[in-house]
Amino acid sequence: MADIIALLTDVYKGLSPAFAECGFTLVTPDEPVSEELPAKNINGCITLEYVGEDKAARIEHFNNRISLHGARKEGEIVSGDFHQLALSLFEEESANAKDIKFVVNDFSETLVENFGTKVVKPTKSKLPTPVSKSAAKSGAVSYDPNTLANRFTAIYPELRDEYKENCEKYGEFLAEEFFVNYGNAVVKRVITENDPTKMRQLFKLFNDVYEDGTNETQSLICVTILGSLENNQELLANCVDYMSDDMKSPVISVNKYLYSNAGKGARMRLENPPKYKPKKKSKSPMSRIGMQ
């Protein structure tokens, strides 16, 4: 536990200027986890709490993930008022200075966007909101490609900037462009290395999102991402023990098809996604029926 306390202490110190800028004051618990980290630890969940005028925020670390939550409300703010604003993988065994810097930068930017007084540059657009796990599991909504990429870049933060640039450039998330140009290379590297810990981490994400994902999201995983393995039997064999039963057969079938003579055309389209075309502005009801 000492290691994660030291890591979180660096995160806490790095985020202090952003919290101060946004008008927050730290709430010091009666029994902090350490002298340098004024957080509480309840059943392994380490929490830093902040309050401001009609607002509150907190940082939580639990199950190798660190998250930022915020709430705005006049009067008393209770737990149900909080919403998750940012999430990142943050493992005690592997987190380093680079991961700390990423979390500090990402959470600071999110704090300023949600609670700061700075004018947001017009060239930047707000990132699409990912589908929450509770919403997907309840059946209220299914995981979309953006949610997959959002969670993917939480595991591989070195691609977070590319993900943000994709959303900002097009005003929406273009999944094929992101994974073909950036994500697939990371996936292939992990599968080639075949490290059990990294493989379980990657395929837990794929399995979870595939199970409760839209048809588009399932196709993204099987075709765009894992279809890029080029029917390499060694790489596919590395994946077999980690893929869910529902995903295993489609992935193997897609690879066989794409790298057969019959799948040549589909493979070319996969490797060269169509250029982005902005959505057309909808016309008025009168113009659609020829009355202008």
| query | Helix 145-155 versus the longest principal axis of the chain: what is the Cα-based angle in degrees, 0 to 90, to the nearest 10? | reply | 60
| message | Using only DSSP helix segments of four residues or longer, with each worth -39500 (n - 2.57), what per-residue ellipticity at 222 nm results for the chain after dividing by its residue count and rounding to 500? | response | -14000 deg cm²/dmol
| note | Lys and Arg at +1, Asp and Glu at -1: neighbours of ASN261 with Cβ under 15 Å from its Cβ sum to +2
| Entry for Kirkwood radius over Cα pairs in Å (calculated from the structure that is shown) out of (1) 20.7; (2) 21.4; (3) 19.8 | (2)
| note | PHE62 and GLU193 label points (each 7 Å along its Cα→Cβ direction) are spaced in nm at 2.9
| task | With all protein chains present, calculate the accessible area of TYR257 using a 1.4 Å probe and round the result to the nearest 10 Å². | result | 110
| task | With a point put 7 Å past each Cα toward its Cβ, work out how far LYS137 is from GLU168 in nm, to one decimal. | result | 3.4
| field | Accessible surface of LYS169 - all protein chains present, 1.4 Å probe, nearest 10 Å² | value | 140
| message | Per residue, how large is the accessible surface of the chain? Use a 1.4 angstrom probe and give square angstrom. | response | 57
| note | In degrees, nearest 10, the alpha-carbon axis of helix 245-258 is tilted away from the dominant principal axis of the alpha carbons of the chain by 50
| query | To the nearest 10 degrees, how steep is helix 196-211 against the longest Cα principal axis of the chain, on a 0 to 90 scale? | reply | 80
| note | From most to least accessible, 1.4 Å probe, no ligand or DNA/RNA atoms counted, ARG151, ARG58 line up as ARG151, ARG58
| Accessible area of the chain belonging to carbon and sulfur atoms, whole % at 1.4 Å probe | 49
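The values are calculated or read from the model by the stated rules, or taken from the named source; none is laboratory data. Since the structure is predicted, the reported quantities are computational estimates derived from the model, not experimental observations. All Cβ positions, glycine included, derive from the backbone under ideal geometry; neighbour counts span all protein chains shown. Side chains are part of the model used for accessible areas, which takes the heavy atoms of the whole protein and leaves out ligands, DNA and RNA. Shrake-Rupley method; radii C 1.70, N 1.55, O 1.52, S 1.80 Å.
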